[in-house]
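The values are calculated or read from the model by the stated rules, or taken from the named source; none is laboratory data. Here the structure is a predicted model, which means the values were calculated and not measured. Here the Cβ is made from the backbone with ideal geometry for all residues, glycine too, and neighbour counts use every protein chain on show. These area figures cover heavy atoms from the full protein model, side chains too; ligands, DNA and RNA do not enter into them. Shrake-Rupley method; radii C 1.70, N 1.55, O 1.52, S 1.80 Å.
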Amino acid sequence: MNLVLFGPPGAGKGTQAKVLQETRGLPQLSTGDMLRAAIAAKSELGRKVEAILAKGDLVSDDIVIGIIDQRLNQPDAARGAVFDGFPRTIPQAEALDKLLEGRGKKIDLVIELKVDETVLLSRAEQRVRETVSKGGIPRPDDTPQTVKNRLDVYRKNTAPLVAFYKAQGKVVSVDGMAPIADVTRAIAAALDRK
Ligand code: ADP
């Protein structure tokens with residue numbers, strides 16, 4: 001089962017991807033996490049993308065498609081995966097279809113987490129508070145100004161993917177404003193119907 005978790009920044013994709021990783025054994029493939037790991041490791045890739053992430057702009061399609069291509073070769077992705085934060089553009093979605101097709105697979109389901117945009121800013125603020133209270137360092141792109149840019153980028157580049165996947169008949173919409181456990185249940189139900 002290959003599943004895309006789709007929705008704006010702060011919709012809860014990462015939270016639900018982690019649940020699916022635990023309950024279904026499907027690895028969470030988060031390009032955001034992979035890029036942040038590259039930055040933390042100070043690799044060449046990390047140096048290349050650091051300023052882009054800090055602004056909330058999109059890293060080039062070639063870079064993220066290459067990362068996903070490599071990641072799909074790892075054995076844990078053989079049974080399927082949860083794509084979190086990828087694809088984010090139509091060319092990325094087209095490339096993902098090809099990458100999976102080459103491996104005899106396809107995207108089975110796209111879960112669209114629907115959220116009221118007005119809460120996204122406060123969710124980012126909450127994430128900063130929670131991280132700080134646990135002694136961690138908040139994401140540099142969770143500042144109000146960068147969250148606004150990430151939302152603009154989402155509307156312009158990523159939101160059109162819903163129509164792309166609807167045309168393939170793969171989209172199930174879930175209310176991302178509901179409590180976390182309810183969202184988890186709605187996603188589980190959609191998966192079990194597949
Ligand atoms: P969120 O979904 O909360 O915005 P992510 O962790 O998915 O956060 O992504 C953080 C940042 O990493 C994005 O703002 C962007 O700069 C970069 N990024 C992540 N995934 C992609 C992608 N598929 N294409 C381009 N840039 C990406």
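Points worth noting:
- Residues in the range 143-166 that are at pLDDT below 95, more than 11 Å from the ligand (Cβ to nearest atom) and surrounded by 16 or more Cβ atoms within 10 Å (Cβ to Cβ): 143 alone.
- Number of positions in the range 152-193 that are small (Gly, Ala, Ser) and closer than 30 Å to residue 57 by Cβ: 5
- Contact map, the range 43-65: residues that are open to solvent by 70 Å² or more (accessible area, probe 1.4 Å) paired with residues that are near the ligand (Cβ under 7 Å from one of its atoms), Cβ distance under 9 Å, separation 6+ or inter-chain. Pairs shown: 48/59; 50/35; 55/141.
- Put simply, of 39, 90 the only residue that is within 13 Å of the ligand (Cβ to nearest atom), more than 23 Å from residue 115 (Cβ to Cβ) and of a type in the set (A, V, I, L, M) is 39.
- Residues of the range 100-137 satisfying the condition of being under 18 Å from residue 180 (Cβ atoms), touching a strand residue (DSSP E or B) at 6+ places or on another chain (Cβ under 7 Å) and crowded, with 18+ Cβ neighbours inside 10 Å: 111, 112, 113
- Considering (1) part of a helix (DSSP H, G or I); (2) at pLDDT below 95, the lone condition that residue 53 does not fulfil carries the number (2).
- With respect to the conditions (1) among the hydrophobic types (A, V, I, L, M, F, W, C); (2) assigned to a helix (DSSP H, G or I); (3) more than 13 Å from the ligand (Cβ to nearest atom); (4) under 29 Å from residue 71 (Cβ atoms), residue 107 lacks only one, and its number is (2).
Here is a yes/no grid of residues against (1) away from the ligand (no atom under 13 Å from the Cβ); (2) touching a Gly at 6+ places or on another chain (Cβ under 9 Å); (3) at pLDDT below 95; (4) closer than 26 Å to residue 138 by Cα:
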| residue | (1), (2), (3), (4) |
| --- | --- |
| 29 | no, yes, no, yes |
| 49 | no, no, no, yes |
| 58 | no, no, no, yes |
| 79 | yes, yes, yes, no |
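- Within the range 135-149, residues that are of a type in the set (Lys, Arg) reach partners that are open to solvent by less than 60 Å² (accessible area, probe 1.4 Å) with beta carbons closer than 8 Å, at six or more positions or on different chains, in the pairs 139/128; 139/131; 148/121.
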